[in-house]
Amino acid sequence: MTRFPRSVREGLTDAWLVGPATLALLTFIFLPVVIVAVLSFTDYQFGARSFGWIGLENYEKLFGSTLGRRALSNTLLYVAIVIPASVGLGLVVAAGLHRLADWAPALSNVLRAVYFLPVAATLVAMSVAWQMMLHPTLGVVNQTLVALGGQPQNWLSDRGIVLYTLAAIGIWQTVGYNMVLFLAGLAAIPADLYDAAEVDGAGGNWSRFWTVTWPMLGPTTLFVLVITATNAFRVFETVATLTKGGPAFASDTLVYALYREGFVYFKAGYASAITMVFFAVLLALTLIQFRIVERRVHYR
Amino acid sequence: MNSETVLELREVTRRFGTQTVLDAIDVAVREGSFTALLGASGCGKSTTLRIMAGLDRPTKGKVLLNGTDVADRTAHERNVAMVFQSYALYPHLTVFQNIALPLTMRHLGAFGRLPFAGRLAPGTTDARDLIRRKVAVTAESLGLSDLLHRKPNSLSGGQKQRVALGRALVRDPVMFLLDEPLSNLDARLRVKMRGELISLHKRTGRAFVYVTHDQAEAMAMADQIIVMIAGKVAQAGTPRDLYDRPASRDVAAFVGTNAINLIAPEDGPSFFEGNTGDAVIGIRPEHLSPANDGALGARLETAEFLGSETILGLRTDQGKEIVAIAPGDYSVPAPGSEIRLGVAADRLHFFDPASGKRLEREHVR
C-alpha cells in the first residue's frame, strides 16, 4: 500500500467527508435552481421539444395580470394573518403551560400533547375533518353558530371569508409547533434573572415579561418567526384539498398557482417564474435572519 | 430584640414537599455587620438568603426587618440588594442600563421607561438626570466608567461582578445579600475582590450577608460567621470563636485551612497526659508539630513543602492518619521514620463521641 504524506492523507479525508454531501447539494439543489431560473425566461411547456426565449414576459404576467396579482396578494394577506397570530398564540400558550407545569405537571403535559397533535397529524387528512366541520348545513361550526343565535356562513365558498378560514386552519396547525419551540426557550431562561428582576423592582408580571422573558426569548422568537413565515408562504395542502384556489381565485396562493400552472396546464416557463419569486422571498427571509436580526437578538 | 439588629429570622422553617431544608433556625444580623453564612452545598444557606431577600417564603417562622414583620413584602419593597453567583446581568441591556434598572423601575412610570417614546413623557427629564448622575457616581467608584456602553457578554468575569455590585449599590439598600459572589472568579481575582468587598462594606456602612462554602473566605471577611449544617445553625460567632471553641465536631471539621485531626478512643490508647475518657480529641494540624519530647509518635508518610511551612502526613501505630505542620525550615526525615509530635494542652478540643458536641475540659471523664 502506498503511503501518502500526512498532509495529502488529511486532504483526502476532508474530501471524502465533505464530497458526497457537496455533490448531492450541487446535483439536487443548485442545478435544479439554475435550470428553473433559465426556464423562467422561456415559454417552455412540459413535453414540448422546443422553447422560445421570451425575456421577462413570465414575470410581467405574474406581477401584471389580475390573476397573478391575486395569488401574490392572497399569499401576502395569508402570511400577514398567520405569522403574528401563530407566533403570538404560540407564545401565550407556551407561557401558560410553562406556569401550569409548576402546579399541575400532568395537565400541562396532556395539554402540550393536545396542542402538538395538529403538527404531528397529516394536514391533508385533517383538511377532510375541517371540511366536515365547516360544512354549510351539517358542520359543527355553523350549527354552533346558529345555536348561539348567529348567522350561518359559507366558510369555504364565500369569496370574502374563504382566505380567513384557511388562515385560521393554518394558525391552528402551526401554534403547537411554535409552542414547543417557545417552551424550550422559556425553560432555558436562568431562574437567577427572574430573581434579579424581582429584587430590582421588575417583579410584576408585566415588567418581568419585558425585562427578562421577552429579551431572553429573542433568539427563539427570531427562529419561530422565520419558520412560521416559511411555512405560511408555502401554504398549499389546505388550498388544494378544501378550495382548489376558489371560489373565483379568492383563495389562490403562490404555491397553488405554481402547481396549477405547472402540473395542470404544463406551463413550465410560467411555473418556473413563480418558483423564482417564491425562492427569492424565502432567500430574503433567511438573509434577514442571518444578517440583520441575529446580531441584535444575541446581544453582542 | 436588640435595637441594632437590622434583620432577624425567628424559628424559620422551610420545607419543599416532605423535605425540610431549614429546621427552625434563628439568625440575627446586626446593623453594619459582615455576616457570613457558611456551609457545604445543600445545607440550606442559599435558602436562608433567599428568605431574607423575600425571594422565598418560610413555611413557618418570622422574618423581621428593623423590627417589622416583612412576611408579605416583596424583595423590592424590602429594599434589599442581592448579588448572585451567576451575576444575573440582563444580557440585552448595556452596563449603564443594567446598573440603572433598579432606579428606572423606581423613578420612571411604565410609559417613561419606553425606549424612545418615554422621552416625551412629562416630568421624566429630572428623573433621567438623577439616574444618570447616580449611575455615573456608582460606576466611577467601581472603575466601570469606560464600560458603560458595553453589553455584559463582552465583559470579563471580574467586570461582570463589578456591574452586579453596581446594580446593588446604586439604590442605597438597607442591606446587601451576596450569594457566593466570588466563586466564579479565578483564585487571584477572588482574593483581590475579597479586599474590594471589605472596603465596600466599610464605605456603605450597611449590613452584608455573605453566603459561601469557602471557610477561608468567611474567616477573612466576616465579623460574624453562621455555620449551617443540614438545615440547622451549628454555631454562630466571630471567626475567632469558631476557630478556638468550635461548638461541635462538624464545625471543627469545617473551619480551618487544614482539616482538624479527630482522634477517637478506639484509635488507640490516650496519647496525652491526663485522662481524656471516651471523648473524641480534636487537634488542628497547625498545633501539632515535631518536638523531641512530644507525647505522640507516628511514622512519616508524606511531606508537602509549601515554603513557609511543611505539611506532614503521618500514620500512628494504630493505623490512624494524622496531619501535622512543621515550620518551613524543618528538615524532613526520610519517609517511614518515627517522629515525635508535641501539642499544647490548651489547644486540644474534646467532643462527645455520641452527639459530637463540644465538651469542656473539666467535663471530660
Least to most buried among B:Ile99, B:Ile281, by other C-beta atoms within 10 Å and fewest first, runs B:Ile281, B:Ile99
Return the percentage of antiparallel bridges among DSSP beta bridges fully within the protein assembly as shown, rounded to the nearest 5 %.
75
Let me make sure I get this right: for segment B:5-249, a, b and c are the square roots of the gyration tensor eigenvalues over alpha carbons, sorted descending. Under 1.5 in a/c it's rounded, otherwise prolate if a/b > b/c, else oblate. Which is it?
prolate
Quick one: Karplus J couplings for segment B:279-286, per residue in order, coefficients 6.51, -1.76, 1.60, θ = phi - 60°, nearest Hz, x for Gly and Pro?
6, 7, 9, x, 10, 6, x, 6
Loop only by DSSP, 10 or fewer other Cβ within 10 Å of the Cβ. Give me the trypsin sites (Lys or Arg not before Pro) in segment A:14-111 that pass, ordered by residue number.
A:Arg49
Which aspartates and glutamates, on any chain, are close to B:Lys192 with Cα under 13 Å apart, when same-chain ones fewer than 8 places away are left out?
B:Glu217
So the label point goes 7 Å from the Cα of B:Ala230 along Cα→C-beta, right? Which residues of segment B:38-60 then have their backbone N under 15 Å from it?
B:40-44
For n ≥ 4 DSSP H runs only, could you compute -39500 (n - 2.57) per run for the protein assembly as shown, divide by its residues and tell me the 222 nm figure to the nearest 500?
-13500 deg cm²/dmol
Using a Förster distance of 45 angstrom, determine the FRET efficiency expected from the C-beta separation of A:Thr230 and B:Asp172, and round it to 0.05.
0.30
List the residues, sorted by chain then number, that are 5 or more residues from A:Thr42 or on another chain and whose placed amide H is less than 5 Å from its amide H.
A:Ile54
Can you put A:Met133, B:Met105 in order of Cβ neighbours within 10 angstrom, beginning with the fewest?
A:Met133, B:Met105
Rounded, prolate or oblate for the protein assembly as shown? Axes are the square roots of the Cα gyration tensor eigenvalues, ordered a ≥ b ≥ c, and the cut-off for rounded is a/c under 1.5.
prolate
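Using r as the Cβ-Cβ distance of B:Thr257 and A:Phe4, and R0 as 60 Å, what FRET efficiency do you calculate, to the nearest 0.05?
0.55
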Counting Lys and Arg as +1 and Asp and Glu as -1, each charge on the Cβ, what is the dipole of chain B about the Cα centre in debye, to the nearest 20?
2140
For segment A:252-257, Karplus-derived ³J(HN,Hα) couplings (6.51, -1.76, 1.60; θ = phi - 60°; whole Hz; x for glycine and proline) come out as 5, 10, 4, 6, 5, 4
Compute the relative contact order of segment A:49-162 as a whole-number percentage, counting only Cα pairs closer than 8 Å that sit 6 or more residues apart in sequence.
9
Taking amide hydrogens as modeled 1.01 Å from N in the peptide plane, which residues meet the under 5 Å criterion relative to B:Gln85, leaving out close sequence neighbours?
B:Asp179
Calculate the FRET efficiency for B:Arg299 and B:Ser183 from the Cβ-Cβ distance with a Förster distance of 41 Å, rounded to the nearest 0.05.
0.60
Unit charges at the beta carbon, dipole of the protein assembly as shown: most positive-side option, B:Leu130, B:Pro181, A:Leu145
A:Leu145
Most packed first (mean Cβ within 10 Å per residue), the peptides B:15-26, A:213-224 order as A:213-224, B:15-26
Order by neighbour count: B:Asp69, A:Asp252, B:Asp293, A:Asp43, fewest other Cβ atoms within 10 Å first, most last.
B:Asp293, B:Asp69, A:Asp43, A:Asp252
Rounded to the nearest 20 debye, dipole of segment A:65-297 from Cβ charges on Lys, Arg, Asp, Glu:
740
Sorted by chain and then number, the residues having a modelled amide H within less than 5 Å of the amide H of B:Thr310, at least 5 places away or on another chain, are B:Ala326, B:Gly328
Phi angles of segment A:141-148, converted by Karplus (6.51 cos²θ - 1.76 cosθ + 1.60, θ = phi - 60°) into ³J(HN,Hα) in whole Hz with x for Gly and Pro, give 4, 5, 4, 5, 4, 5, 4, 8
Once you sort the root eigenvalues of the Cα gyration tensor of segment A:65-297 as a ≥ b ≥ c, which label holds: rounded (a/c under 1.5), prolate (a/b larger than b/c) or oblate (the other case)?
oblate
Virtual spin-label span in nm between A:Ala121 and B:Asp23, 7 Å along Cα→Cβ:
5.5
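Laboratory data are not the source of any read-out in this text; all were calculated from the coordinates shown. For clarity, every value in this text was computed on a predicted model and none was experimentally measured. Reconstructed Cβ throughout: ideal geometry from the backbone, glycine too, with neighbour counts over all protein chains shown.
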